[in-house]
Amino acid sequence: MTSSEPQPDPFDSSVEESLLDAWFAGNKEAMSDLLSAFKPRIWSICWRTLGHYEDAADLTQDVLVKVMVGIEGFDRRAKFSTWVYRIAVNACMSHLRKQKLRRHPSLDAPASGPQEGGRTLTRGNQVPSREPGPVEGVEHEDELRALGKALETLDEEPRLLILLRDMHAVEYVQLAEIFEVPVGTIKSRLFRARAALCEEMKEQGTGER
């Protein structure tokens with residue numbers, strides 16, 4: 001498994017700011033564009049953190065509603081994406097605390113959701129369309145499944161750090177704001193999380209040798 005810096009998100013900050021400007025100027029359609037842009041990213045975070053299709057779908061909708069309701073009070077001192085990710089992260093952590101979920105269902109357990117190409121979607125085969133970072137160089141479905149299994153061995157916070165940084169290209173400064181710790185702390189936690197992920201991949205025989 002190779003490693004590399006995450007690639008920039010196609011939905012860049014300039015587009016984000018333009019849509020925010022439009023919404024605050026009274027263009028209500030801009031909200032639909034913002035939600036459409038962020039929904040896949042919110043879904044990816046919820047799905048890969050919870051590992052349960054229905055819970056992830058419900059939580060994604062909850063986060064979107066919180067964004068719609070709370071945007072009136074958004075002061076724009078932070079990036080809109082930082083604010084949205086913080087809502088998603090807090091929602092995931094709160095859900096896990098309430099459900100006391102410390103380990104998740106098997107990656108290959110059928111998800112109680114839709115089917116695609118005659119197969120039921122599971123966390124192992126429902127892979128987001130773009131996953132830079134640890135996924136670079138992982139080409140086959142069984143390797144993607146192994147990556148998912150390795151991710152689910154991590155605790156919630158390191159898993160979220162890897163999801164946000166390596167799969168969604170969230171900047172270190174944004175991560176520091178989301179988790180409310182210094183940038184240096186984020187970097188050290190992310191280093192440990194990546195090391196744990198790589199070690200797990202090696203144990204599965206799919207990491208670098």
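The values are calculated or read from the model by the stated rules, or taken from the named source; none is laboratory data. In this text the structure is predicted, and so the values were computed from the model without any measurement. Reconstructed Cβ throughout: ideal geometry from the backbone, glycine too, with neighbour counts over all protein chains shown.
In segment 141-209, which helices (runs of 4 or more DSSP H) lie fully inside it and hold 3 or more residues that are within 20 Å of residue 13 (Cα to Cα) and more than 15 Å from the chain's Cα centre (by Cα)?
The qualifying helices (runs of 4 or more DSSP H) are 172-179.
Among all residue pairs at least 6 apart or on different chains, which show Cβ distances below 7 Å where the first residue, located in segment 14-42, is under 18 Å from residue 75 (Cβ atoms) and the second is acidic (Asp, Glu) and assigned to a helix (DSSP H, G or I)?
That search, which allows pairs on different chains as well, returns 19/33.
So, in segment 130-174, of the ones that are out of contact with any Phe, Trp or Tyr (no Cβ under 8 Å at 6 or more places or on another chain) and basic (Lys, Arg), which residue ends up modelled with the lowest pLDDT?
130
Name the one entry in 56, 22, 91, 78 that is among the small types (Gly, Ala, Ser) and in a loop (DSSP other than H, G, I, E, B). Spell out how you get there, then give the answer.
Values: 56 fails: in a loop (DSSP other than H, G, I, E, B); 22 fails: in a loop (DSSP other than H, G, I, E, B); 91 fails: in a loop (DSSP other than H, G, I, E, B).
So the residue among 56, 22, 91, 78 that is among the small types (Gly, Ala, Ser) and in a loop (DSSP other than H, G, I, E, B) is 78.
Please work out which residue is modelled with the lowest pLDDT, limiting yourself to segment 1-31 and to residues that are farther than 30 Å from residue 150 by Cα and loosely packed, with under 12 Cβ neighbours inside 10 Å.
Here is the first cut: in segment 1-31, the ones farther than 30 Å from residue 150 by Cα are 13-31.
Now drop any that are not loosely packed, with under 12 Cβ neighbours inside 10 Å, which leaves 14, 25-26, 28-29.
Details: 14: 78, 25: 91, 26: 89, 28: 85, 29: 89.
By that ranking, first place goes to 14.
Would it be correct to say that residue 69 is modelled with pLDDT of 90 or more, closer than 21 Å to residue 156 by Cβ and not assigned by TED's automatic domain parsing to the domain that holds residue 155?
Working: modelled with pLDDT of 90 or more: yes; closer than 21 Å to residue 156 by Cβ: no; not assigned by TED's automatic domain parsing to the domain that holds residue 155: yes.
So residue 69 does not fit the description; no.
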